[in-house]
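Working notes, beginning with the structure itself.
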Amino acid sequence: MNMQDSMNDLKGVGVKTAALFSKLHIDTIGQLIRYYPRDYDHFDAPVAVRELVAGKVMAIRARVTASPSMVRAKGFVITHANVSDESGAMRLTWFRMPYIRNALKPGTVHVFRGLVKKDGNGQPVMEHPRMFSEEQYQSVCGSWQPKYPLTAGITNHMIQKYMKQALSALSIQDYLPAQLQKTYGLIPLSDALERIHFPQNETEVRAARRRLVFDEFLSFLVQIRQEKVINEQVIVDHPMVPVSDTARLIDALPYRLTGAQQRVWGEIEKDLQQHVAMNRLIQGDVGSGKTILAFLALLMCSQNGRQGCLMAPTEVLAIQHYEALLSLAEQYELEVHPVLLTGSMSAKQKKEIYEKTASGEADILIGTHALIQEGVHYRNLALVVTDEQHRFGVRQREALANKGDGVHLLVMSATPIPRTLAMVLYGDLHVSVLDEMPQNRLPIKNCVVDPSFRKKAYAFLKSQVAAGRQAYVICPMVEEGDWEGVENVTDYTKKLSLALPDPIRISALHGKMKAAKKQQIMEDFAAHRIDILVSTTVIEVGIDVPNATVMLVENAERFGLAQLHQLRGRVGRGKQQSFCIFMTGDESGANNKRLEVLSRSNDGFYIANEDLKLRGPGDLFGIRQSGALDFSLGDIYQDSDVLLNAGELAQQVVAGKVTLLKEGAGLFEKQIDYRTI
């Protein structure tokens, strides 16, 4: 059996089961063994009620003291049960699980496991605890159980069953010579794959994860450096010349460009005049003024008789850019002819845009991935701009650049990354940093609080909505699942609806929704048809809503600081004072030191550097950083030492100083395919 074999080649996998795995993008054996656990359940022995610690996932052995009560509110059922042991009593709560009442007979003894919280009186409580018989819990006590992202019809048990079969049937060759494994402190690849899925203890998990993270980083960085060699050889036959309209627009704007903007525009303008294609990244905080620089570059391109395009990661953002450029063109009488191209357009609309593009009538195209479809033929494409570059893979950018000859590339990112890491990650690009912010913005007021503050936070949301403002609430998860005790959008939207009065319009948004649905919700929020938007980090790159003045982030400890800072950039975009509330998932204060960095500064680069300092080996999977690249396991902050090691080896590989073993390259080459988030 090899990595390319189909899932159907595994014993017990028929057509229906294979179709279910396909929903998880698992069609081959190789994709299966690289489907890593998102977390692990480590089942400790039950403790007494009086020994419970708020903020931790713990288990108790307790007796049900009375028949559970059930409350119906706004369309769903809340079940409460009182339990006790010799040391004390506590209350358990389940949402939308009325059937659990049948198992909670007075006098019966169970093991309950979940995140411990405190109620208003300081007493321990659990929401949605898992319930076990004493025998069931004894069978898993002390073990490490992998938890995979699932879909309907696929269970953890199924994945483990087929994973064992695949690993036992595969002969996995390591592409990394034994000496290099020793140099970088890595275990063999076959051991890493076995232990990431079936660890005996935490030490095994950490060793496996380190090896696989190294592979992810190395694969990416080798390809990045190979790309750089190619990019530096792209010749431009007709360099551009400076045009008067760019200077006229800069002088006419109602604000003065910051010193950083002027410096970076000078770098871009110089690049566009060269005989070698530009490959430049503009890195700057949300609100630092990247977009106007992109518009200036597109204007220069248009005035040189060439075509330029700007690719955004979402339709909402593409429309926002298109309307902003159209407004500038009309207000300042710019001779440009922009068009919008998105996937949701009708065939007739697309055909019209295709014709204008092929003829050259359209000189600036703004859109989504639709810009790189086969039907789009450019007459003389000379400049490609990608917004929020981490949302696009290098191959997607390359596909767009290949639509013309000698195409300049300008990519933008609002994710501040420490210079030491940026030099490794952006090895194929010249980096320009916007390290100044416009002077006319009110600093966002921040606070870090524990769950006991939630009632006050809700009251504050209510007051802001009453004043005509809007708010975001961010949860780490879409629905209940992978992490116990972590807030999810689905349940939180209903809980918030219960806590706030009916006139307040609350809606949910997450990445599992269809694109059209997501777009409609964001448009409704922008039009103030929604007061509070409960969302995952999908709004990290979203529409500009100046009326949104509050952001409440639940389980803030589950996010990287740089990502929290970028999320915070969704507010503070208008004239009103804005606020950001970072609520931790525990009451111990253990995460406050890291999160307090956000209270001390609104400078994204300072925050990114502090994140790098404060992030240790820490949680195996607890803190995620979606900002720079979406690796399966790797996190550029938590695994910064591994990233630097991989960068060092990648340099040697591309230079021909180190040879990797080809027989193991099959896994290595497929490790990361420049995935988008």
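The values are calculated or read from the model by the stated rules, or taken from the named source; none is laboratory data. All values derive from a computational prediction rather than experimental measurement. Cβ: placed from backbone, ideal geometry, glycine included. Neighbour counts: every protein chain shown.
Taking the numbered list (1) over 17 Å from the mean Cα position of the chain (by Cα); (2) closer than 21 Å to Ser578 by Cβ; (3) hydrophobic (A, V, I, L, M, F, W, C); (4) surrounded by 16 or more Cβ atoms within 10 Å (Cβ to Cβ) in turn, Val534 passes all entries but (1). Within the stretch 488-508, track down each residue that is aromatic (Phe, Trp, Tyr) and at pLDDT below 90. Answer for the stretch 488-508, where residues must be aromatic (Phe, Trp, Tyr) and at pLDDT below 90: there is none. Of all residues in the stretch 527-553, those satisfying the criterion of being touching a residue at least 60 places away in the same chain (Cβ under 8 Å) and in a helix (DSSP H, G or I) are Thr537, Ile539, Glu540. Quickly run through the stretch 148-185 and pick out the residues that are under 28 Å from Ala19 (Cβ atoms) and among the charged types (D, E, K, R). Hits for the stretch 148-185 are Lys161, Lys164.
Being acidic (Asp, Glu), touching a helix residue (DSSP H, G or I) at 6+ places or on another chain (Cβ under 8 Å) and assigned to a helix (DSSP H, G or I) is the requirement here; does Asp251 meet it? When the stated conditions are applied, Asp251 does not pass them.
Would you be able to tell me the number of residues in the stretch 498-519 that are out of contact with any strand residue (DSSP E or B) (no Cβ under 8 Å at 6 or more places or on another chain) and either polar (S, T, N, Q) or in a strand (DSSP E or B) (or both)? Quick ask: steps written out before the conclusion?
Residues of the stretch 498-519 out of contact with any strand residue (DSSP E or B) (no Cβ under 8 Å at 6 or more places or on another chain): 499, 501-503, 511-517, 519.
With the extra rule that they be either polar (S, T, N, Q) or in a strand (DSSP E or B) (or both), the set shrinks to 519.
The qualifying residues number 1.
Within the stretch 631-648, restricting attention to residues that are assigned to a loop (DSSP other than H, G, I, E, B) and out of contact with any helix residue (DSSP H, G or I) (no Cβ under 7 Å at 6 or more places or on another chain), the residue that is farthest from Lys613 (Cα to Cα) is Asp635.
Enumerate the strands (runs of 3 or more DSSP E) found wholly within the stretch 1-107, keeping only those where 2 or more residues are at pLDDT below 90.
Numbers: elements: 39-42, 57-64, 69-73, 76-85, 88-95.
Correct list: 39-42, 69-73, 76-85.
No other residue among Ile474, Ile543, Ile539, Ile521 is aliphatic (A, V, I, L, M) and more than 20 Å from Cys580 (Cβ to Cβ) apart from Ile521. Screening Pro313 with (1) touching a residue at least 40 places away in the same chain (Cβ under 8 Å); (2) assigned to a helix (DSSP H, G or I) gives one miss only, at (2). Check Val13, Val83, Val77 and return the single one that is touching a residue at least 60 places away in the same chain (Cβ under 8 Å) and aliphatic (A, V, I, L, M). After ruling out the rest, the residue left standing is Val13. Screening Val111, Val125, Val116, Val49 for residues that are touching a Leu at 6+ places or on another chain (Cβ under 8 Å) and in contact (Cβ under 8 Å) with a residue 60 or more places away in the chain leaves exactly one candidate, Val116.
Would you please name the residue that is modelled with the highest pLDDT, looking only at residues in the stretch 199-225 that are within 26 Å of the chain's Cα centre (by Cα) and surrounded by fewer than 17 Cβ atoms within 10 Å (Cβ to Cβ)? It would help to see each step written out before you state the result.
At the first step, the residues of the stretch 199-225 found to be within 26 Å of the chain's Cα centre (by Cα) are 202, 205-225.
Add one more test, that the residue is surrounded by fewer than 17 Cβ atoms within 10 Å (Cβ to Cβ), and what stays is 202, 206.
Details: Glu202: 87, Arg206: 92.
Here the answer is Arg206.
Within the stretch 290-304, is there a residue that is out of contact with any strand residue (DSSP E or B) (no Cβ under 9 Å at 6 or more places or on another chain), in contact (Cβ under 8 Å) with a residue 12 or more places away in the chain, under 15 Å from Gly406 (Cβ atoms) and not in a helix (DSSP H, G or I)? No: the stretch 290-304 contains no residue that is out of contact with any strand residue (DSSP E or B) (no Cβ under 9 Å at 6 or more places or on another chain), in contact (Cβ under 8 Å) with a residue 12 or more places away in the chain, under 15 Å from Gly406 (Cβ atoms) and not in a helix (DSSP H, G or I).
Residue-by-condition table, conditions (1) more than 28 Å from Ile521 (Cβ to Cβ); (2) modelled with pLDDT under 95; (3) loosely packed, with under 15 Cβ neighbours inside 10 Å:
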position: Leu317; (1), (2), (3): no, yes, no
position: Thr342; (1), (2), (3): no, yes, no
position: Lys350; (1), (2), (3): no, yes, no
position: Leu365; (1), (2), (3): no, no, no
position: Gln373; (1), (2), (3): no, yes, yes
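Let's see how each residue does on (1) assigned by TED's automatic domain parsing to the domain that holds Thr549; (2) assigned to a strand (DSSP E or B); (3) touching a Cys at 6+ places or on another chain (Cβ under 9 Å):
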{"position": "Val433", "(1), (2), (3)": "no, yes, no"}
{"position": "Met437", "(1), (2), (3)": "no, no, no"}
{"position": "Ser452", "(1), (2), (3)": "yes, no, no"}
{"position": "Phe460", "(1), (2), (3)": "yes, no, no"}
{"position": "Val465", "(1), (2), (3)": "yes, no, no"}
{"position": "Tyr472", "(1), (2), (3)": "yes, yes, no"}
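Residues of the stretch 625-672 being at pLDDT below 55 and in contact with a Ser or Thr (Cβ under 9 Å, 6 or more places away or on another chain), which ones? Walk me through how you get there before you give the answer.
At the first step, the residues of the stretch 625-672 found to be at pLDDT below 55 are 625-628, 663-672.
Within the stretch 625-672, Gln625, Ser626, Gly627, Ala628, Phe668, Glu669, Lys670, Gln671, Ile672 qualify.
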